[in-house]
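The values are calculated or read from the model by the stated rules, or taken from the named source; none is laboratory data. Keep in mind that this is a model prediction, so the values were computed, not measured. When we count neighbours, we look across all protein chains shown, and the Cβ atoms used for this are built from the backbone with ideal geometry, even at glycine. Side chains are part of the model used for accessible areas, which takes the heavy atoms of the whole protein and leaves out ligands, DNA and RNA. Shrake-Rupley method; radii C 1.70, N 1.55, O 1.52, S 1.80 Å.
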Amino acid sequence: AWWTVDVERLGDEMWIGVVDRPKMRYYGYRGWTNELHRFEWCYHGSRDGAGTLECAGRSMPPLPGLKRIERYSSGDTVSIFLDYDRQWIRVGRNGVWQSECKEVVSEKDKTNYGF
């Protein structure tokens with residue numbers, strides 16, 4: 001699967017990707033803990049100005065040739081490529097792939113939900 005998200009307005013935090021717990025998709029999810037990060041595979045812009053691809057609780061490095069993962073902001077287009085058969089997710093910003101993870105595995109029921 002491949003999709004894009006046009007970021008109209010970026011507020012404090014915005015995470016784009018997949019999770020394996022359906023209630024984690026919704027804004028304002030209560031009870032978020034660091035342990036829940038192991039159930040998500042998503043691209044987000046951190047408050048320190050860098051972007052991050054979180055892969056089941058681990059921050060992935062930028063792709064070769066990039067110094068860092070660029071943070072997306074208002075007006076950007078985020079691309080997500082997910083190959084669930086090969087357990088692979090790749091994220092991009094404005095047509096440039098930023099990072100990837102080759103371990104997209106759900107511990108729950110092999111179902112992931114986009115958000």
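Given the condition modelled with pLDDT under 75, within 18 Å of E103 (Cβ to Cβ) and among the β-branched types (V, I, T), answer yes or no: does some residue in region 15-31 qualify?
Looking through region 15-31, at least one residue is modelled with pLDDT under 75, within 18 Å of E103 (Cβ to Cβ) and among the β-branched types (V, I, T).
Name every residue in region 75-102 that is open to solvent by 60 Å² or more (accessible area, probe 1.4 Å), closer than 14 Å to G51 by Cα and assigned to a loop (DSSP other than H, G, I, E, B), in order of residue number.
Across region 75-102, the qualifying residue is only N94.
Scan region 39-52 and tell me whether some residue there is in contact with a Lys or Arg (Cβ under 7 Å, 6 or more places away or on another chain), under 16 Å from R68 (Cα atoms), modelled with pLDDT of 80 or more and not in a loop (DSSP other than H, G, I, E, B).
Checked region 39-52: at least one residue is in contact with a Lys or Arg (Cβ under 7 Å, 6 or more places away or on another chain), under 16 Å from R68 (Cα atoms), modelled with pLDDT of 80 or more and not in a loop (DSSP other than H, G, I, E, B).
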